[in-house]
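To keep things clear, I will list the structure first and then write my remarks on it.
The values are calculated or read from the model by the stated rules, or taken from the named source; none is laboratory data. Computed from a prediction, not measured in an experiment: that's the story for all the values here. Counting neighbours? That spans all protein chains shown, and the Cβs are built from the backbone with ideal geometry, glycine included. Note: areas computed on protein heavy atoms with side chains; ligands, DNA, RNA excluded. Shrake-Rupley method; radii C 1.70, N 1.55, O 1.52, S 1.80 Å.
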Amino acid sequence: MNIKETVLMVRFGFSVFLMVAAVFHSFAQTTGTDGLVTYKSPSENYVSINIQAYKGLHRFGVVDSYDNQNGSTNANPRSNAVRPVRGGGRNPEQLKKSKMVNTGRINFSLLVSLKYLKPFMGDLEKDRLIILSNNLTEKQSNSAYLQRFLLNQVAPNLCLDEACKNVNRGKNEFERQRNYKTFVNTCLNPLLVWSQDVFKNDELSAYHVSTLSIGGNYDFDKKGYWVHHYLSLNDIFPFKQGGRKRVIFEPVKPYENQLLNKLARGKSINFFLPMDEQTAERFKKEGINRLYLVKKIKLQHSDKEMDSPTDPIDFNYSHESSDMEIYTDEALVNHFRTLSLTNLFFKN
């Protein structure tokens, strides 16, 4: 091979690398400076998915509503600095961003469902819509469920192209059949491929935000509040969209097993939150009756096999850090204190 041929081969190889990299990038998850994790759509036919982020990772549980009333400021919550005036509400840009992350939460759940329902897609009848009846076979029942999931949830939420959005429309049964076949032939496979971009290696590191109710029954003897925190995190995925999903606490570290032993009714732990009287009184005057608890977790898809697409999709979670950060605002700007899951004072 002469020098010219070698140069051409190198250029060709580099071009192939760039094309592969571009394709991968189009599917990749990215974290922007705007506090969002974005799953870029594989083409302009589908919506991109934006998830609220915290420290560059997914933020689940309680989200930031971008409401000026939440007191987002860099002021130290222990200081006497004047807090923002409450009642400012949200401007159009904040409302738009709030709607975007709420929609993103739904669409992320749908994409996760597509990923883990893919093994059942072999039962999907691609040529005609299944009419529900009492004498369907197991394969037909699976197909009927999948078809309605695609028609009623996936296409209306994830699709932008009219050929895909029209899947559940039609003036008569012939038109509806044609629209369904068009969706299956042109839209379904790209969505299934895209769904593999979520939960890489069947796991995901994220932050979960929950609230701690305070403001009543201050313990003057111990100086603080008794609060409870749920270890069942079923607020990660929307309840209705994308089928049922369960997130189950699965201890990994010794302190997590201790937490499991302290579970009270309702799958929560009751522990003591130290707070001096001056701070408690100030919070009461400022109308702060709940705090925001943030913990880093690892979500893992369960090894439990699904017998049917109607079965819940199960996930396990454990803590990646024993630290729990507590903030006074939902924007997670005003840090109050750090507690450790390893040395909580539990209620007897």
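Computed values, structure above
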read-out: Net length gained if the chain between Val47 and Asn152 were fully extended (0.36 nm per residue, minus Cα distance); value: 36.2 nm
read-out: Segment 97-182: C-alpha gyration tensor shape, a/c 1.5 cut-off, then a/b vs b/c; value: oblate
read-out: Rounded to the nearest 20 debye, dipole of segment 189-316 from Cβ charges on Lys, Arg, Asp, Glu; value: 360
read-out: Rounded accessible area of Val63 (nearest 10 Å², 1.4 Å probe); value: 40
read-out: Per-residue SASA entry for Lys55, accessible area with 1.4 Å probe, Å² rounded to 10; value: 140
read-out: Accessible area (Å², 1.4 Å probe, nearest 10) - Asp235; value: 60
read-out: Under-5 Å amide H pairs with Asn334, H placed in peptide plane, nonlocal only; value: Thr73, Thr328, Asp329
read-out: Note, ³J(HN,Hα) from phi for segment 51-62, Karplus 6.51, -1.76, 1.60, rounded to Hz, x at Gly and Pro; value: 10, 4, 10, 9, 6, x, 10, 3, 10, 10, x, 6
read-out: Heavy-atom accessible area ranking, 1.4 Å probe, most first, across Glu93, Glu330, Glu256, Glu250; value: Glu93, Glu250, Glu330, Glu256
read-out: Order of exposure, largest accessible area first, which applies to Asp221, Asp307 with probe 1.4 Å; value: Asp221, Asp307
read-out: Set Lys222/Lys284; Lys55/Lys245; Lys40/Lys304; Lys115/Lys298 screened for pairs whose C-alpha atoms are more than 22 Å apart; value: Lys55/Lys245; Lys40/Lys304
